[in-house]
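A short reminder: the numbers here are calculations on the coordinates, not readings from a lab. Nothing here was measured: the structure is a model prediction, and the numbers come from that model. Here the Cβ positions follow ideal geometry from the backbone for every residue, glycine too, while neighbour counts run over all protein chains shown.
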Amino acid sequence: MPEIKRRTFLKASAAGLGSIIFSGLNCKGIKKMKNPPHLVFEDHFHFSQEDLQKFLNISLSRGGDFSEIYLEYKIYNSINMEEDIIKETAESISLGLGIRVLSGEKTGYGYTNDLSREKIKKTALTAASIASGTTLRNTASLNPVQFPHNFYPLLIHPSQESLEEKIRLVKKAYSAARNFDSKIKKVKVSLMDLDQHITIVNSEGLKVSDARPLIKMVCLAVAEKEEKREAGFSGGGGRVGMEYFAHVLTPEEIGQDAAKEALNLLEAITPPAGEMPVILAPGHSGVLVHEAVGHLLEADFIRKKTSIFWNKMGKKVGSSQITIYDDPTIPNFRGSYNIDDEGTIPKKTLLIIKGNLTGLLQDRLSAKLMKKPLTGHGRRENYTCIPIPRMSNTYIDRGEYSPEEIIKSVKKGFYAQKYQGGQVEDSGKFTFSVNSGFLIENGKLTSPTKQATLIGTNIDILNDIEMIGSDLKFGLQTGSCGKEGQTVPVNDGCPTIKIAKMTVGGQK
Amino acid sequence: MEIENSAELKELAASLVAFGKINGAEEIEVSIVDGYEFSVDVRLGKIENLVEAGSRYLGLRILKDKKTAFATSSDLSRETLQSLVKNAIKRSSFASQDEFSGLPAPSSRKINISSLRLFDPEISTLDSEKKISLAMETEKIALEDKRITNSHGASFQTNEIKSVLANSNGFLEEYDQTYFGLSVGLQAGDTDSRVEGSWSSSKIHFNELERPEEVAKKAVERTVRQLNPRKIRTQNVPMIFEPLMTSWILGFLFACVSGVSIYQKTSFLVDKLEERISNSSVTVIDDGLMPRMLGTRPFDAEGVPCQKTRVVRRGILKNYLCNTYAARKLKLKSTGNSSGTGVSPNNFYLEPGSSSPEDIISSLDKGLILTRTLGHGLNPVTGDISRGAFGLWVENGEIAYPVSEITISGNLGEILNSIELIGNDIDFLSPISGPTIKVGELTVAGQ
């Protein structure tokens, strides 16, 4: 049964592990570029401005308040290697448009990938039918907008790289994992890149385009010893160029990290079950802020009062050490974008400052109904989807403790290092699935541990945060977030965090 | 390009197969999905979203020298498709030669498509107003219960899908399906002690879909029974899985008997055919040919006719579920489970037993009824399970109180071996389904 309206965060193919230092991405190679080539938007639709204006007029012919057309062209490439061979390559082309009409709190939506004028007019009328008026509203004339920034500075665009070269990278990661140790029995490597071109026009006269690159390499390694078998994952990528795999994270590192994790897990024990102090490793544990805070500050859940935070704006919801941002403007990050999927220029948004709830993630509809400013967080998976408030790159800001003193402060507890993912519901109950970690005994990390689940309620956890480290890191640019059936690329991060107590699901 | 009837879609598929052959593909497979979607979300008595749309997708597989390339497109113009085919032929040379790859051999077995009853003509008689009112009514009935404090909204959805498949071995077939879904999500309790629950019904035939009253009643019941939960201490206890939880654990079993995870050695059931993997009360079946069911289809994504496969027979692992590729790797036969690039279930279910769910509960002296899980934490390589969970605590055969903020951990292999009772209450609510079951001890972590 499809569980409705639940949100999940899944690191890529149960992966998404490893981490990089925040500043590292900017200083290693990429920032040195003088004049990054600005991406040229490719028009695959060939509609004149008059055509688009006409479609907008039709969509408001029943008297909606606002209408918008989202035109999307996407080309996706993937390469898979397993069992020592390049299994296959794939290419996917997606071309289509979605028309949205807002009328009060109601949304009418139609989409089509048949781009004949007749079909588009029909789609516009379908979307229009949500409104019930008869007054024909005129739309503002379209005024093409250019924005000055580019959050995807890169040298070699993934779509421009040859298939041979990409295959070479895949083989490097594969060999690095396969040859790492004789106990590595099985490796799988995938390289996926996406080139997305969007144009958004709306009845307020906006016309804006963006071209977003995205690439990701993931590696799975299986280690075997006697009767035991364990899997390790790693990966990397972002809105980066191919130079990333030379300067920031090499395929060899990705392969080795996956192999190392699999080997470590062969020696790992199941952690004990029960309530205990938990330390979250920096970087990967960003899934905490994503689940425990981010989702519940998406404006739709606040507006509908389904989020536990709906009546807590301006109030203290956690330890005064906690400051949280969502920032879609971090260069090259997987969750970044030049414009959101409604054409809004995004802003770095402060969500929690020193434990006080201050900000929300807004899309057009919620911002309008709540009479709040836009933050640029209206996102959609593709042209078939209605935009909704989403996170981009979400993180807990650095604190004052060194990671060493945090670990030292715990006598007996659990150190959560790498994750499969997390899930939250509006009531604030959330879980993380921990792939690997350590026992903490007398202030030291001791035995490595395997699969465990952490569960808690966000308000409790936010109040139980005792120490925040100075070592802010981000997860490895492979994560995606699912909400109402739509998956979008995101990233998250945090420093080392100590939680006074949390329920660890292990073995009794 | 305007294609208004299905003969044209079939013709397009066949002509692309011919085009591929002429341009050097040794084997080629073309699939087209033509879908029409209607969905309405209502919340607190008002329409939130109304979506209506039609769209088409085409998928290609091309082989040359036993080297494979895939492609898909939502742009069905002949120009784009022909260049996609040519590109794929070029790209195939970059893949490695793989003796196991390739299309299935033609089959002489023919499934009578109309006997599967996958299309409900009633879909064309339901107008938008009726569809909207079903969602409205469901939510309205649910909200009449005073214990419900907020709503995630109710949704009604219909889909009409045509699937066409053609390949260079002469296969050219199509079938139509309908789908109806009605759901509602609710909250109960105050802001700081909220609980959530939902229910949804999905069927191929409209007249089998649960009525708004039933959907609302179940959603309310599933929500309010979680009110005022307690935490419990960490312990090992026997457990009862409600049917939805049995489906969840069967979904994990499916991943572990999929031929792909077997040849990839990412399953704890590798090399276990003909071995006992559970006690003898357990029989698990995958059946693609049950009329009117959600997992039914006449042939799989490669055109292999679907069938009924015994996966586990009285505790003995009898078959892995394979597409053509996995079958060749494992020297087995395809079971008609291809999903295109991998393996998917048809109707995958645990054969019901004779106990009523009430009897199962009253047989439990002390333990937990598992009602919902949250998160990930399934490892097919080991069979290990670790999840956030919600449940109902049972004392002396009776439900005592709800519990939350617990995690459960265990191992699928051990669970299969410890199934003590199997209920008679299978409902086929989803392609993977099972009745209530009672299993041996699992670890519950709480306080």
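Taking a straight line from the alpha carbon of A:K483, these aspartates and glutamates sit under 13 Å away, with near neighbours fewer than eight places off in the same chain left out: A:E3, A:E291, A:E298, A:D300, A:E381, A:E425, A:D426. A P(r) calculated from all alpha carbon pairs of segment A:261-356, with 10 Å bins opening at zero, reads 12, 33, 31, 17, 7, 0 percent.
The convex hull built on the alpha-carbon positions of segment B:348-447 has an orientation-averaged projected area of 6.7 nm². Dimensions of segment B:1-124 along the principal axes, based on C-alpha atoms and rounded to the nearest Å, stand at 59, 33, 28, largest first.
Averaging 1/r across all pairs of distinct Cα atoms in segment A:317-392 and inverting the result yields a Kirkwood radius of 12.9 Å.
Across every pair of non-identical alpha carbons in segment B:279-404, the mean reciprocal distance, once inverted, gives a Kirkwood radius of 17.3 Å. Mind checking the angle between helix B:78-92 and chain B's longest principal axis? C-alpha axes, 0 to 90 degrees, to the nearest 10. Orientation of helix B:78-92: about 90 degrees from the principal axis. Given the pairs A:K316/B:K218; A:K498/B:K366; A:K348/A:K418; A:K188/A:K347, which span a C-alpha to C-alpha distance of over 30 angstrom in this model? Flagged as over cut-off: A:K316/B:K218; A:K498/B:K366; A:K188/A:K347.
Semi-axes of the equivalent ellipsoid for segment B:87-212, computed as √(5λ) from the eigenvalues of its C-alpha gyration tensor and ordered from largest down, come to 44, 23, 12 Å.
When the square roots of the Cα gyration tensor eigenvalues are ordered a ≥ b ≥ c, the ratio a/c for chain A is 1.5 or more and a/b does not exceed b/c, which makes its shape oblate. Over segment A:355-475, the pair-distance histogram of Cα-Cα distances with 5 Å bins from zero comes to 2, 9, 12, 17, 21, 14, 10, 7, 5, 3, 1 percent, rounded to whole numbers. Label positions at A:S409 and A:K121, each projected 7 Å from the Cα along the C-beta direction, are separated by 6.8 nm. Think of segment B:118-270 as having a plus end and a minus end, set by charges on the Cβ of Lys, Arg, Asp and Glu; of B:I204, B:S124, B:A142, B:A142 sits farthest toward the positive end of this dipole.
For chain B, build the charge dipole from Cβ charges (+1 Lys, Arg; -1 Asp, Glu) around the Cα centre, then report which of B:L332, B:T436, B:G185 sits farthest towards its positive end. Of the candidates, B:L332 comes out farthest on the positive side. Each of A:Y109, A:I69, A:A140 was placed along the dipole of segment A:49-144 (beta-carbon charges, centred on the mean Cα), and the one lying farthest toward the positive end is A:A140.
Taken about its Cα centre, chain B carries a charge dipole of about 1360 debye when Lys and Arg each add +1 at the Cβ and Asp and Glu each add -1 at the Cβ.
The orientation-averaged shadow of the Cα convex hull for segment A:49-144, equal to a quarter of the hull surface, comes to 8.5 nm². Over all orientations, segment B:6-223 has a Cα convex hull whose mean projected area works out to 16.2 square nanometres.
If a spin label sat at a point 7 angstrom from the Cα of A:Q49 along the line to its beta carbon, the backbone N atoms of segment A:137-152 nearer than 11 Å would be those of A:141-145.
Placing a pseudo-label 7 Å from each Cα along the Cα-to-Cβ vector at B:A18 and B:K231 gives an inter-label distance of 7.1 nm. Over all other residues within a Cβ to Cβ distance under 10 Å of B:T283, the charged ones net out to +3, with Lys and Arg as +1 and Asp and Glu as -1.
Classification of segment B:77-134 by its C-alpha gyration tensor yields an oblate form. The axis ratio a/c (a ≥ b ≥ c) is 1.5 or more, and b/c is at least a/b.
Using a cut-off of under 16 Å, list every residue of segment A:346-369 whose amide N is near the label point 7 Å from the Cα of A:E400 along the Cα-to-beta-carbon line. Residues passing the 16 Å test: A:354-355. If I fit a long axis through the Cα atoms of helix B:212-224 and take the longest principal axis of the Cα atoms of chain B, what angle between them do I get, 0 to 90°, rounded to 10? Rounded to the nearest ten degrees, it is 50.
The protein assembly as shown: D in µm²/s via Stokes-Einstein (Kirkwood Rh, Cα pairs, 25 °C, 0.890 mPa s)?
D, rounded to a whole number, is 85 µm²/s.
Each Lys and Arg contributes +1 and each Asp and Glu -1, all at the Cβ; summed about the Cα centre of the protein assembly as shown, the dipole is approximately 1480 debye. Each pair of Cα atoms in chain B enters the Kirkwood radius, and Stokes-Einstein at 25 °C and 0.890 mPa s then converts it into a translational diffusion coefficient of 102 µm²/s. Note down the nm distance, to one decimal, between modelled labels 7 Å out along Cα→Cβ at B:E208 and at B:E358. Label-label distance for B:E208 and B:E358, simple model: 2.7 nm.
Relative to the dominant Cα principal axis of chain B, helix B:128-143 is inclined by about 20°. Is any residue of segment B:273-304 close enough, with backbone N under 20 Å, to a label point placed 7 angstrom from the Cα of B:R310 along the Cα-Cβ axis, and if so, which? Residues B:273-290 qualify, since their backbone N sits under 20 Å from the label point. In chain B, helices alone account for a calculated mean residue ellipticity at 222 nm of -7000 deg cm²/dmol, with every DSSP H run of four or more residues adding -39,500 (n - 2.57). If you sort the three axes of the alpha carbon gyration tensor as a ≥ b ≥ c, you get a/c of 1.5 or more for segment B:229-327 and a/b above b/c, which makes it prolate.
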